[in-house]
1. Quick one: count up the residues across the stretch 99-109 that are open to solvent by less than 40 Å² (accessible area, probe 1.4 Å) and at pLDDT 75 or above.
2. Could you please let me know if residue 234 is surrounded by 15 or more Cβ atoms within 10 Å (Cβ to Cβ), part of a helix (DSSP H, G or I) and in contact with a His (Cβ under 6 Å, 6 or more places away or on another chain)?
3. For the structure I just gave you, tell me whether residue 158 is within 28 Å of residue 48 (Cβ to Cβ), in a loop (DSSP other than H, G, I, E, B) and in contact (Cβ under 8 Å) with a residue 60 or more places away in the chain.
4. Might you check whether a residue that is open to solvent by 40 Å² or more (accessible area, probe 1.4 Å), within 30 Å of residue 154 (Cβ to Cβ) and either part of a loop (DSSP other than H, G, I, E, B) or free of Cβ contacts under 8 Å to residues at least 40 places away in the same chain (or both) occurs anywhere in the stretch 199-216?
5. Here is a list: 296, 307. Which entry is open to solvent by 60 Å² or more (accessible area, probe 1.4 Å) and under 20 Å from residue 214 (Cα atoms)?
6. Go through the stretch 128-150 and give me each residue that's part of a helix (DSSP H, G or I) and in contact with a Phe, Trp or Tyr (Cβ under 8 Å, 6 or more places away or on another chain).
7. Just one of (1) at pLDDT below 95; (2) over 30 Å from residue 108 (Cβ atoms); (3) assigned to a helix (DSSP H, G or I) trips up residue 306, so point out which.
8. How many residues, within the stretch 110-136, are open to solvent by less than 40 Å² (accessible area, probe 1.4 Å) and farther than 26 Å from residue 157 by Cβ?
Amino acid sequence: MSTLNPAESADRADTDAAAGATIPELVIISGMSGAGRSTAAKCLEDLGWFVVDNLPPELIPTMVDLGARSQGNVARIAVVVDVRGRNFFDNLRGSLADLATYNVARRIVFLEASDDALVRRFESVRRPHPLQGEGRIVDGIAAERDLLRELRGDADLVIDTSGLNVHELRAKLDAQFAGDEEPELRATVMSFGYKYGLPVDADLVVDCRFLPNPHWVPELRPFTGISEEVSNYVFNQPGAKEFLDRYTELLQLIAAGYRREGKRYVTVAVGCTGGKHRSVAVSEKLARRLSDEGVETVVVHRDMGRE
């Protein structure tokens, strides 16, 4: 199987269009080694996607071409690209540019995890990192992050698997890819506590620490931001309702831009000190506003219950 050059790709694309060929959807699965690429690939395979593991990037246009000539039998293709094919990795950007001749609906899913989580996973299976060479696991992780930095920035969906088990990761992917029809934009609104660190998969971060902390109100301390008592306290504070209104307007503007750029997923992280009161209350209200605007929204309270 040989790769088509750009001129051949354009000619083939024109021929396929004229013949009424069905151009398959394409998902590129990449990310950090140990972050769950194999689980993601298996999940999409179970959902009916045609999955190719460790395909050299320069062969992606050829795979799409074969799918287009399959008379609709291969309508959705998922390709796993990782550093095991490091000699081919530099060709990925060129291959993705070649796909423009096919008008392919393609998405990039990037699986992320913290250094600590990745080290634990490699140590648990007693396997070296593919890039560590004679060094340590952390050296391989650092080299891989540097190699994948640009691809991560181009990703349509970034999933942080640091705190996820296999079933939770599959549930996230099922929610994104199981449906027959893709919504225009999907949002995850995630509350978090700054003392536990920023979510690494956040696209936007909101700081609610300018609001008085219900933690210092004894009768409210045991409750969370989901409770009506805490929510009422938070939104009765000066500036709280105005903040929600203004930030909702800002998200509407950002969402319109994301749609124009073809971005389908956004994660909005809402933080307070511990992730129990203010961020939870604001996340709930913000998610409800987004849903009312027609954005399919999921709420996640990352740190609620950790105290």
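1. Residues meeting the conditions: 5.
2. The answer is no for residue 234.
3. The answer is no for residue 158.
4. yes
5. Answer to the selection: 307.
6. Of everything in the stretch 128-150, those that are part of a helix (DSSP H, G or I) and in contact with a Phe, Trp or Tyr (Cβ under 8 Å, 6 or more places away or on another chain) turn out to be 137, 147, 148.
7. (3)
8. Count: 2.
The values are calculated or read from the model by the stated rules, or taken from the named source; none is laboratory data. The structure presented is a predicted model; accordingly, all values stated were derived computationally and were not measured. Virtual Cβ from ideal backbone geometry, glycine too; neighbours counted across all protein chains shown. Areas reflect the complete protein model, heavy atoms only, side chains present, ligands, DNA and RNA absent. Shrake-Rupley method; radii C 1.70, N 1.55, O 1.52, S 1.80 Å.
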